[in-house]
Amino acid sequence: MKKYFNDLLNNLDKLTGMKQLDKLMATKDPKKEINDLLEILCRVCNMFGYIPDEAKQQIISDNIISDQEFIGLNAKIIFKWLDKAKGLYFSQSVEQIAVPENYKPLVGDEREKAIQTWLKSLKGFQDEKPKELGGTRLKSSLEELPVLENYKKPDADAILRSELHTQYIRENYEPLSGKPKPNWESESVWLERNKF
């Protein structure tokens, strides 16, 4: 990857018009600066070990031209491109079930017996019908619910106040940002204007 990045850096001005190599050459120690940049870029690429190097090179080459946010080769932009493409290459290893060495598959009568036992267990699920709830049974189950003490049902005035407050919020505040609308007014003025 280091050779790829070095070639890319040398041809960057032809691909994008950016003169990143010229800026690096203007530093006090250009060889060290270029080597440090290449090392950092290779380190970022190594974070995506499951992506083959040829694929990494293709991803980077494609994005250099197509990404509007590209301002030069750096670790952040390489990470962004590889992270965006990792879904095509990343797969979690599937856990393997260890089979004991002395394992022998069932054969003959033992196999048939195990299959019949399994089929009977499945049949038990199919035979059972759902229990029907009749009106009296439903009513009795509702009566068994605990009664909450100190709970007062809201009266008609409380419900009306709640609905009016909701309507006020909808008319005076932006739904997504929650900021007041340009024609905002206080709730008391709104209630009086609407004669509630």
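Among the residues of the range 160-174, count how many are aromatic (Phe, Trp, Tyr) and in contact (Cβ under 8 Å) with a residue 12 or more places away in the chain. Summing the residues that are aromatic (Phe, Trp, Tyr) and in contact (Cβ under 8 Å) with a residue 12 or more places away in the chain in the range 160-174 gives 1. Among the residues making up the range 1-39, those that are loosely packed, with under 15 Cβ neighbours inside 10 Å, assigned to a helix (DSSP H, G or I) and hydrophobic (A, V, I, L, M, F, W, C) are Leu15, Met25.
Here's the yes/no breakdown for (1) β-branched (Val, Ile, Thr); (2) out of contact with any Phe, Trp or Tyr (no Cβ under 7 Å at 6 or more places or on another chain); (3) modelled with pLDDT of 85 or more:
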position	(1), (2), (3)
Arg111	no, yes, yes
Ser121	no, yes, no
Gln126	no, yes, no
Lys131	no, yes, no
Gly135	no, yes, no
Leu145	no, yes, no
Lys152	no, yes, no
Thr166	yes, yes, yes
Tyr173	no, yes, yes
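Annotation note: Cβ proximity below 7 Å between a residue of the range 39-50 that is farther than 14 Å from Lys76 by Cα and a residue that is loosely packed, with under 12 Cβ neighbours inside 10 Å (sequence gap 6+ or interchain) occurs for Tyr50/Phe90. The set of residues in the range 40-52 being surrounded by 18 or more Cβ atoms within 10 Å (Cβ to Cβ) and at pLDDT 85 or above consists of Leu41, Val44, Cys45. Taken as a whole, the structure places Ile65 among residues that are of a type outside the set (D, E, K, R), assigned to a helix (DSSP H, G or I) and surrounded by fewer than 14 Cβ atoms within 10 Å (Cβ to Cβ).
The values are calculated or read from the model by the stated rules, or taken from the named source; none is laboratory data. Because the structure is a prediction, the values reported are computed rather than measured. Here Cβ is always computed from backbone atoms with ideal geometry, including for glycine, and neighbour counts include all displayed protein chains.
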